[in-house]
Amino acid sequence: MREHKKILTANLDDPESHTLKSYEAHGGYKAFQKALKEMTPEEIIEEMKKSGLRGRGGAGFPTGLKWSFMDKKSPKPKYLVNNSDESEPGTFKDRLLMERNTHQMLEGMIIAAYALDVHLAFVYIRGEYTSCIENTERAVEEAKEKGYLGKNILGTGFDLEIIVYKGAGAYICGDETGMLSSLEGKRGYPKVKPPFPAIQGLFGCPTVVNNTETLATVPWILQNGSDTYAKIGPEKSPGTRLFCVSGHVKKPGVYELEMGSPLMELINDHCGGMQNGSRLKGIIPGGPSVPILTAEECDKAILDFDSMKEIGSHLGSGGVIVFGEEACMVRSLLVLTEFFADESCGQCTPCREGTGWAVKLLHPFVEGKGELPDLDLLMDVADRMKFRTVCTLADAAASPIESFIIKYRKEFEDHIANGGCASHSQTQN
Ligand SMILES: Cc1cc2nc3c(=O)[nH]c(=O)nc-3n(C[C@H](O)[C@H](O)[C@H](O)COP(=O)(O)O)c2cc1C
Ligand code: SF4
């Protein structure tokens with residue numbers, strides 16, 4: 001098996017990896033000292049730009065560029081929010097970082113806060129992630145005791161407090177502006193952009209929202225240099241990435257691979273191939289918000305932002321969901337669509353009504369009572385949901401509907417002809 005560089009998971013074999021003692025024993029908390037004592041905020045932002053790091057929350061937006069948009073001239077307070085809401089189905093990589101590499105994430109936040117002139121930062125953690133909340137709260141206390149957080153950090157004159165905030169189980173609060181509404185104490189409604197958070201974010205103040213994995217990568221870049229990072233993987237999608245694999249593979253789990261690796265290397269070499277000799281039917285490469293790939297497409301798929309786009313999908317959240325031949329694609333699509341319908345915040349008519357109608361239209365197919373024209377109607381509903389809403393949840397919901405029906409249409413037709421699912425187990429999805 002090909003060896004991959006480890007930036008985020010190098011020391012996770014240590015059972016105490018979440019503690020300050022272990023993190024420091026493995027060289028942790030050196031990068032932020034270098035940053036605070038030897039670098040200006042502008043130099044850090046420049047390093048981030050040169051590294052080519054792209055956000056790991058879903059969209060792959062360049063991190064250094066996002067930081068450079070922060071309105072630092074504003075007289076208002078500035079905020080940093082670490083997006084640890086992680087609610088995309090099949091996605092559990094930030095959980096690993098919060099549970100096992102908690103201090104690397106915090107060190108990344110301290111560096112980002114210093115670069116962005118932030119003195120109050122938040123970690124917004126999915127409420128169900130109780131062990132992540134406990135570990136993060138403990139890590140914040142440990143860092144405070146050591147003088148890495150609080151007033152006049154290490155005598156540099158830089159002050160920073162970090163607040164751990166628990167979400168209440170709403171997927172929509174993972175959207176950055178939904179999250180800011182929630183932090184403001186309001187219902188987690190996403191807000192219209194522009195203005196973007198870097199100009200007008202939390203409480204109307206300049207705010208940067210970054211994903212947990214993005215922030216946890218920052219110390220390594222400063223410690224080892226942006227040039228070293230930029231050389232890992234493809235030029236436009238450098239670095240490593242955490243892929244969380246679930247579904248019909250022998251060894252599901254979180255794997256750190258260099259960007260630019262073939263998708264089938266992840267499945268066959270790292271995950272041990274398909275479970276019970278099953279034949280691959282398809283893979284969702286980045287959480288259900290991105291189009292599924294057929295087995296033939298998977299053979300060509302490369303794990304980086306641009307290569308995925310070229311074959312019509314996306315790296316998204318890093319949630320790799322594998323479907324073997326035993327999966328019923330009709331039922332799987334219903335499950336995913338029900339998720340989006342439940343989680344729609346209801347602000348926009350195309351999303352609120354469209355996701356609900358899609359569920360109503362899909363149910364008869366699962367029950368073997370579907371009608372052929374309803375497949376086209378489903379495609380029409382999906383099309384009318386896209387590109388006309390406040391946030392991208394509606395586009396995300398349209399993505400599996402369109403890609404499943406286009407790529408597995410025969411299965412939907414067979415459900416009509418056979419009066420239900422004749423050849424697939426309905427319990428294994
Ligand atoms: C419905 C919805 C849910 C989202 N959930 C998450 C999430 O759980 N974690 C996350 O980091 N980003 C999530 N995002 C993306 C965020 O809005 C934002 O782009 C991201 O946190 C930016 O971080 P990055 O630049 O480091 O990738 C979600 C977006 C949408 C529309
Ligand atoms: S697209 Fe859906 S989830 Fe997003 S703001 Fe509109 S109704 Fe809410």
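Laboratory data are not the source of any read-out in this text; all were calculated from the coordinates shown. Nothing here was measured: the structure is a model prediction, and the numbers come from that model. Every residue, glycine as well, gets a Cβ built from its backbone with ideal geometry; the counts of neighbours run over all protein chains shown.
Details
- Surrounding net charge for residue 42, when Lys and Arg each add one and Asp and Glu each subtract one, Cβ distance under 12 Å: -2
- Listed residues 205, 229, 215: farthest to the positive end of the dipole of the range 170-243 (Cβ charges): 205
- Anisotropy class assigned to the range 1-141 is rounded, per the alpha carbon gyration tensor with a/c under the 1.5 cut-off.
- Beta bridges by DSSP in the chain, antiparallel share as percent, to the nearest 5: 45 percent
- The range 299-429 - percent relative contact order, Cα under 8 Å, separation 6 or more: 30 percent
- Loop-located GluC sites (Glu not before Pro) in the range 235-274 (DSSP state other than H, G, I, E, B) with a sparse environment of at most 16 neighbouring Cβ atoms within 10 Å: 235.
- Fully extending the segment from residue 187 to residue 417 would add 78.3 nm, taking 0.36 nm per residue of separation and subtracting the current Cα-Cα distance.
- Rounded if a/c under 1.5, otherwise prolate or oblate - the range 4-61, Cα gyration tensor axes: oblate
- Restricting the range 267-371 to GluC sites (Glu not before Pro) in coil, as DSSP defines it, with at most 16 other Cβ within 10 Å: 325, 367, 371
- Prolate/oblate/rounded label for the range 20-230 (Cα gyration tensor, a/c 1.5): rounded
- Euclidean distance of C-alpha centroids, the range 93-139 and the range 172-239, integer Å: 13 Å
- Cβ crowding within 10 Å ranks 261, 344 as 261, 344, fewest other Cβ atoms first.
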